[in-house]
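Asks: I'd like to ask some things about the structure below.
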Amino acid sequence: MAKFKALEDFASEGKGSEDIPEILPVIPMRTNMLVYPGSVIPFYIGREKSLNSLEESIEKKNRFLFLCSQKDIQENEPKEVDLFTHGVVARVMQLMKLPDNSFKVLVEGVVRGKIVDGLQDGESLSAKVEILKVNYRNTKALEVLIRKVRDEARKFFQYTRRIPNEALQALEGTEDADKFADLVASILPLKLDEKQVLLEIVHPKNRLELLLEILLRENELLKIEEDLEKKVKGKLEQNQKEYYLREKMKTIKEELDGTGDPEIMELKEKIDAAELPPEVEEKALKQLERLEKSPTFSAESTVIRSYIDWLIEMPWNSESDDIIDIKKARAVLDTDHYGLEDVKKRILEYLAARSFSKGLKAPILCLVGPPGVGKTSLGKSLAKAMNRKFVRMSLGGLRDEAEIRGHRRTYVGALPGRIIQLIREAGVKNPLILLDEIDKLGQSFQGDPAAALLEVLDPEQNKTFTDHYLEVEFDLSKVIFITTANVIYTIPDALRDRMEVIEISGYTKVEKEKIATGYLIPEILEEHNMTDKVNITPYALSQIIDGYTREAGVRNLKRELASVVRKTALELLENDLDKKKIRKKDVEELLGPPKFLEDERLKKPEIGITTGLAWTAVGGTVLQVEALFQPGKGHIHMTGQLGDVMKESAQIALSLARVRCQEDCDEKFFEKHDIHLHVPEGAVPKDGPSAGVTLITSIVSCLKNKPVRNDIAMTGEISLRGKVFPIGGVKEKVLAAYRIGIHEVILPAANEKDLYKIPKEIREKITFHFVENVDEVLQIALKD
């Protein structure tokens, strides 16, 4: 005996009656297709509970059942909360049993309904269903609404062209508002949520208003889509037409005079005339062949044309001839820049060696120094001295590796890297390329440009440099690369190792005066066309350098001198003067009060105050290190914005002082007293180990109650064993001491070798004490 006998009997006989029972079996629908009143829909039933409900419908409920949708169609065993309460009372019209024991059911929607009093869940699902009907009158407003929805529905079906003719005929022949609204809702391909909302709206007027809103929205989107399709189709047809006509013209021209596309022929002539290396010529001809086969106005043909142009325009064989005349080269360098002997000497050495060996590799120099000392302008002078083309690239803030190596041609708007672009701009394969601010390279997810520069700046590798865009090797070995930096420690070690580092220290006041007199003032006066009208005296120049600039270079000095010339020009015009001599007393009137006050030496020797020397990015400076013991609990207080390294030096100095002063203090002195160390100016951050000897001198001065000499300055790092270690910035520090009238300086013994950097005229006026331990320092610095 079959399990679902009543279903099988009905499938063969198709019996039923018209009465709708109050309690109906419920079948959850788990498709996006909803059944509306009046619509006939087939669907499949395979779940056992649904089959039991269908069995009950046929056997006991006059073929009536209640269809409602699941909120989640993936749910296999839905509960009451998983179902929409509104649905349709439907009548089973036909059944068909399938080979997998499931049934295909054809139902007709009869009327809207709503589950009341909950869902009864057993072997089958059933519920009490409230029939939802509404009484309404056919008004003129309703007729207008039906007509408007019908018009918009026609437009929708014209756009989509997916609705069968039978549905369109039914749409035209239905006048009843309720049936018409349900018919349109059942035909439209809407989302489940929208279909459910339409099913839950009982009054046909409200349903038609929502349908009209939906149709207007969909029709607007479909119209935009259709317009886009027309534009794309028209463009494709135009391209095909142009391609066809161009090919036809090409064939006709070949038949007439045996020539092809004039653009292709022109590019072929350029390739032949460029005398490209064999591998580059092969690449260019291969791309030319691809271009010939590509549609003229296609995106690919534009990319190929640009690529061939780059290959042709690169200076594969073009070089400028170096000037080997050493005297002439030196004259050019000396004319443009004062001092900087190390850099000039290195370039002259290279030129001298070139006179013996033409295959010598070009130097890769890194000029390191503070701002304004002439690093960038020196690059131009070097190019001029060697008769080389000069091009410059700023690396500050560069984050993308592709800026160096280029982008691959698969990317839209791809270009070669900046190195290849600079080579093409120069027009020769051996220019001088200045890579400015190499210490300020960035790094991001787009790659590390510093790593990309490793190949560029390696003499052993850059002979076969390959740009990602060109994809052929280019020889960079004849390029002179000059890089500039303000500091060396931010440059990666691997990159620093590939460059010859030349340090450029700041200018002394004497050097600044010579630079201003020989270079800056003549240049500014010529620029303003006032060569014979303004005369700046040496005393006025000295006042401008001391009171209005505090820098290692001369950039601000040039700015202040230009300001003096401009203000003087205004004064000449206002007072009908021909010329004017700028004296020291005129400077403050022209530039205002001095911006900087000179550091002053101590008036007399004092206990706990020592004159130290420090290096800054704008030159050397003088620090007055103060120490003071006060009652406390053995703590150390440090003020003056000291960095971690300087704080560590203070700790070392205190520990060393306790050992050195055991005879002068009892054991409990340090437990009952705090020490306060202060380094003015408080608003200026300070760091570094070179203040070690200064700190211990101030501390010991307090402990021994001996004043520190005010006519001596010092610098040096100390260890816990009392050794004095070498420091940097000797030239700048000594100049700072000389500037405030101190002519006696204590330096680490290991720094004696650095004295040659100090100008001779200053070196001869200063007495140097070279020390190896702190005992020597204290013996020299403390007064008895």
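Asks: Among the numbered conditions (1) within 30 Å of Lys328 (Cα to Cα); (2) open to solvent by 50 Å² or more (accessible area, probe 1.4 Å); (3) among the hydroxyl-bearing types (Ser, Thr, Tyr), tell me where Thr483 comes up short.
Replies: Here Thr483 clears every test but (2).
Asks: Given the residues Val197, Val202, which is the only one that is part of a loop (DSSP other than H, G, I, E, B) and either of a type in the set (A, V, I, L, M) or at pLDDT 85 or above (or both)?
Replies: Only one candidate qualifies: Val202.
Asks: Determine which member of the set Asp664, Asp674 is outside any helix (DSSP H, G or I), out of contact with any strand residue (DSSP E or B) (no Cβ under 6 Å at 6 or more places or on another chain) and surrounded by fewer than 17 Cβ atoms within 10 Å (Cβ to Cβ).
Replies: Answer to the selection: Asp664.
Asks: Further, regarding this structure: Would you point out the residue of the stretch 564-587, among those that are out of contact with any helix residue (DSSP H, G or I) (no Cβ under 6 Å at 6 or more places or on another chain) and in contact (Cβ under 8 Å) with a residue 24 or more places away in the chain, that is surrounded by the most Cβ atoms within 10 Å (Cβ to Cβ)?
Replies: Looking at the filtered set, the residue picked out is Thr568.
Asks: For the stretch 414-451, which residues satisfy the criterion of being within 24 Å of Lys380 (Cα to Cα), in a loop (DSSP other than H, G, I, E, B) and in contact (Cβ under 8 Å) with a residue 60 or more places away in the chain?
Replies: Gly427, Val428, Lys429, Asn430, Pro431
Asks: If you scan the stretch 640-658, which residues turn out to be out of contact with any Leu (no Cβ under 8 Å at 6 or more places or on another chain), touching a residue at least 40 places away in the same chain (Cβ under 8 Å) and open to solvent by 40 Å² or more (accessible area, probe 1.4 Å)?
Replies: Within the stretch 640-658, Gln641, Asp644, Val645, Glu648 meet the criteria.
Each row is one residue, and each column tells you yes or no for (1) more than 15 Å from Pro689 (Cα to Cα); (2) outside any strand (DSSP E or B).
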| position | (1), (2) |
| --- | --- |
| Pro594 | yes, yes |
| Lys604 | yes, yes |
| Leu628 | yes, no |
| Lys633 | yes, yes |
| Lys647 | no, yes |
| Leu654 | no, yes |
| Ala657 | yes, yes |
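Asks: Only residues that are over 17 Å from the mean Cα position of the chain (by Cα), among the aliphatic types (A, V, I, L, M) and part of a helix (DSSP H, G or I): list them for the stretch 452-477, please.
Replies: Result: Leu453, Leu454, Val456.
Asks: Sticking with this one: Just one of Thr259, Thr251, Thr296 is in a helix (DSSP H, G or I), among the hydroxyl-bearing types (Ser, Thr, Tyr) and either in contact with a Gly (Cβ under 7 Å, 6 or more places away or on another chain) or modelled with pLDDT under 80 (or both); which is it?
Replies: Within the list Thr259, Thr251, Thr296, the selection yields Thr251.
Asks: Give me the pairs, please: first residue somewhere in the stretch 335-350 and in contact (Cβ under 8 Å) with a residue 40 or more places away in the chain, second residue anywhere and part of a helix (DSSP H, G or I) and open to solvent by 20 Å² or more (accessible area, probe 1.4 Å), beta-carbon distance under 7 Å, and either six or more positions apart or on two chains.
Replies: Tyr338/Glu511; Tyr338/Lys514; Tyr338/Gly518; Tyr338/Tyr519; Gly339/Glu511
Asks: Yes or no: Glu123 out of contact with any Asp or Glu (no Cβ under 7 Å at 6 or more places or on another chain) and among the charged types (D, E, K, R)?
Replies: yes
Asks: Next question. For the stretch 85-140, give me the residue count where each residue is acidic (Asp, Glu) and in contact (Cβ under 8 Å) with a residue 60 or more places away in the chain.
Replies: Count: 2.
Asks: Does Gly688 meet the test of being over 12 Å from Val625 (Cα atoms) and among the small types (Gly, Ala, Ser)?
Replies: Taking the combined requirement at face value, the residue satisfies it.
Asks: Give just the number: which of (1) surrounded by fewer than 16 Cβ atoms within 10 Å (Cβ to Cβ); (2) of a type in the set (Gly, Ala, Ser); (3) modelled with pLDDT of 80 or more; (4) over 15 Å from Leu432 (Cβ atoms) does Gly369 not satisfy?
Replies: Unmet condition: (1).
Asks: Do you know which residues across the stretch 495-517 are of a type outside the set (Val, Ile, Thr), open to solvent by less than 50 Å² (accessible area, probe 1.4 Å) and assigned to a helix (DSSP H, G or I)?
Replies: Selection gives Leu495, Glu511, Lys512, Ala516.
Asks: Here's something else I'd like to know. Has the stretch 319-326 got at least one residue that is open to solvent by less than 10 Å² (accessible area, probe 1.4 Å) and part of a loop (DSSP other than H, G, I, E, B)?
Replies: Scanning the stretch 319-326 turns up no residue that is open to solvent by less than 10 Å² (accessible area, probe 1.4 Å) and part of a loop (DSSP other than H, G, I, E, B).
Asks: Right, something else. Pairs, please: C-beta under 8 Å, at least 6 apart or cross-chain, first residue more than 22 Å from His86 (Cα to Cα) and open to solvent by 60 Å² or more (accessible area, probe 1.4 Å) and in the stretch 195-224, second among the hydroxyl-bearing types (Ser, Thr, Tyr) and assigned to a helix (DSSP H, G or I)?
Replies: So the pair list comes out as Lys223/Tyr159.
Asks: So which residues in the stretch 265-279 are aliphatic (A, V, I, L, M) and not in a helix (DSSP H, G or I)?
Replies: Scanning the stretch 265-279 gives Ala274, Leu276.
Asks: Here is a check on your reading of the model: is Ile712 closer than 18 Å to Glu626 by Cα and of a type outside the set (Gly, Ala, Ser)?
Replies: yes
The values are calculated or read from the model by the stated rules, or taken from the named source; none is laboratory data. Values in this document were obtained by computation on a predicted structure and should not be read as measured data. Neighbour counts are summed over all protein chains in view; Cβ atoms, including those assigned to glycine, are modelled from backbone coordinates with ideal geometry. In case anyone asks, the SASA skips ligands and DNA or RNA and just uses the protein heavy atoms, side chains included. Shrake-Rupley method; radii C 1.70, N 1.55, O 1.52, S 1.80 Å.
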